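The values are calculated or read from the model by the stated rules, or taken from the named source; none is laboratory data. In this text, all values refer to a predicted model and were calculated from it rather than measured experimentally. Every residue, glycine among them, receives a Cβ derived from its backbone with ideal geometry; neighbour counts consider all protein chains shown. To get the accessible areas, we keep the full protein, side chains included, count just its heavy atoms, and leave off ligands, DNA and RNA. Shrake-Rupley method; radii C 1.70, N 1.55, O 1.52, S 1.80 Å.
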There are 2 protein chains.
Amino acid sequence: MSVHRDIRASNQDCGDCPIRHRAVCARCEEDELIQLEQIKYYRSYQAGQTVIWSGDKMDFVASVVTGIATLTQTMEDGRRQMVGLLLPSDFVGRPGRSAAAYDVTATTDLVMCCFRRKPFEELMASTPHIAQRLLEMTLDELDAAREWMLLLGRKTAREKIASLLAIIARRDASLKEPRANAGAITFDLPLTREEMADYLGLTLETVSRQMSALKRDGIITLDGKRQVTIPVLDALMEETGDDSDGGFLV
Amino acid sequence: MSVHRDIRASNQDCGDCPIRHRAVCARCEEDELIQLEQIKYYRSYQAGQTVIWSGDKMDFVASVVTGIATLTQTMEDGRRQMVGLLLPSDFVGRPGRSAAAYDVTATTDLVMCCFRRKPFEELMASTPHIAQRLLEMTLDELDAAREWMLLLGRKTAREKIASLLAIIARRDASLKEPRANAGAITFDLPLTREEMADYLGLTLETVSRQMSALKRDGIITLDGKRQVTIPVLDALMEETGDDSDGGFLV
DNA sequence: GATCTGCCTTGATGCAGATCAATAGAAGAA
DNA sequence: TTCTTCTATTGATCTGCATCAAGGCAGATC
């Protein structure tokens, strides 16, 4: 029984491996996998815990296995802006840099798969496709960041909220049942109103008001404070301000 | 006489080569250089010309040789947000994607060094350090995008303008005279008021008003509409809202 | 010269979202 | 139970920037 098969079986979707997972698994080569296995270890954090503060020494790179983490920047006077949302399989840390550039916080309970930085860098230098895979992932992050720049710079509060809900809804829908776009989508918000505000460049009061407004208008349904139902996804999409047929980049 | 030396001599700073330039030139290997030389060609654009529209087929990747280009996103109703500023040596295009994700526009007269996409991707697959170099560049872009997210989401109009001027001033200062931080810095704005507004998530009127305000307060001096002088860089930095000692990431 | 056009400035006014403030529910602790 | 704490909602008011509008200036064209 090969080590490779072993590992594939134990980590479905290779969720803890930043280099080969999902569609890329086919590229796996046994000996590289063993090397990655040798330098990896897991860390767990509780919801609300800070993984690392901006500027602190960061002697590892990591990928999210389960849970959600956030990247935020803080100004001297306390103004905060979230600049990234890390979902399972997303990568944190930068090869070649030993200090964290952002505050990394566990929003939910979080498990990360860490690689000590030095050996990871050495492995990357000797293993071409690690850099190639990281490049792909980084380009995706860059696209997401730029989409968020449009949101932050030009969208109204209502459009911002709708966009965030749409992103979470679509992600949840694709995870749960790839072919169920017809019916209503229900999910738990993984963010507090304040975290949503930090992500959207708003205040928590405005977030709350716009959530209420979307509820009043029948775009969403709230069950408690966190559980959201989208009766008709297209109706929500109408509110985001995005092109109706956007996102066909090949 | 090696081809390598030839090319280094003719393109100072390797400004037209996205993979090895500046400090990375040391990595150059002659045969790869020849291969890159074989698939590259130049394109020129006049100020104001559109290089490519979002969604259009883009059969090349490229790097800026001289001039400035911008990446912008436009919403259906015409709201525009600039999401990237491409300076000499910056890279455009995405390996593995054949459609442009943004409008690319020449802000000044522009020369780009282009590589047909297919051969470039093949070269990248067979030449590890191309992906590694592109990864570094993309990570830098991602950091810049995230810094801009903080600006768009949380900074005031005055802070936004000051931040933009500071970025341009520091870049110009470092290009012209690396060790002349003491005196005043003078440069020509490469952007119109409207382009500044698109970059900063403001209207052109607000940009104009804030420029006037900074002039009134002695932070900047205007000579004509475009030539800007920063008498005391630290005074401008004070207005950006950034940490006074920011940016020491190693 | 006159006129046009692109770019910029400045003023008057309006409004979206921030700010300040009060209240409420839910979960946990004493 | 009651108190505390955390999170969320909602109202009243304020303000920074957008919007609408009217020139101004410099370079191009005739």
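Structure above, values below:
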item: Those residues of the stretch A:187-206 which are open to solvent by 60 Å² or more (accessible area, probe 1.4 Å) and more than 20 Å from A:Tyr102 (Cα to Cα), in sequence order; result: A:Asp188, A:Thr203, A:Leu204, A:Glu205
item: Some residue of the stretch A:101-118 being surrounded by fewer than 23 Cβ atoms within 10 Å (Cβ to Cβ), part of a helix (DSSP H, G or I) and small (Gly, Ala, Ser); result: no
item: Count of residues meeting criterion [free of Cβ contacts under 8 Å to residues at least 40 places away in the same chain, open to solvent by 20 Å² or more (accessible area, probe 1.4 Å) and not acidic (Asp, Glu)] in the stretch A:125-143; result: 5
item: Index of the failed condition, B:Leu139 passing every other in (1) modelled with pLDDT under 95; (2) within 8 Å of another protein chain (Cβ to nearest Cβ); result: (1)
item: Strands (runs of 3 or more DSSP E) (entirely within the stretch B:131-247) containing at least 2 residues that are within 25 Å of B:Val83 (Cα to Cα) and within 21 Å of the chain's Cα centre (by Cα); result: B:185-188, B:227-230
item: Boolean, A:Glu147 is within 12 Å of another protein chain (Cβ to nearest Cβ) and under 20 Å from A:Lys57 (Cα atoms); result: no
item: Checking B:Lys225 against (1) under 25 Å from A:Gly201 (Cα atoms); (2) surrounded by fewer than 17 Cβ atoms within 10 Å (Cβ to Cβ), the condition it does not meet; result: (1)
item: Checklist (1) within 12 Å of chain B (Cβ to nearest Cβ); (2) hydroxyl-bearing (Ser, Thr, Tyr); (3) farther than 30 Å from B:Glu121 by Cβ applied to A:Ser126, failing item; result: (3)
item: Candidate set: the stretch B:74-94, residues that are under 29 Å from B:Ser174 (Cβ atoms) and without any contact (Cβ under 8 Å) to a residue 60 or more places away in the chain; chosen: the one nearest to the other protein chains (Cβ to nearest Cβ); result: B:Arg94
item: Selection within the stretch B:54-71 - surrounded by fewer than 19 Cβ atoms within 10 Å (Cβ to Cβ) and within 13 Å of another protein chain (Cβ to nearest Cβ); result: B:Ser54, B:Gly55, B:Asp56, B:Lys57, B:Asp59
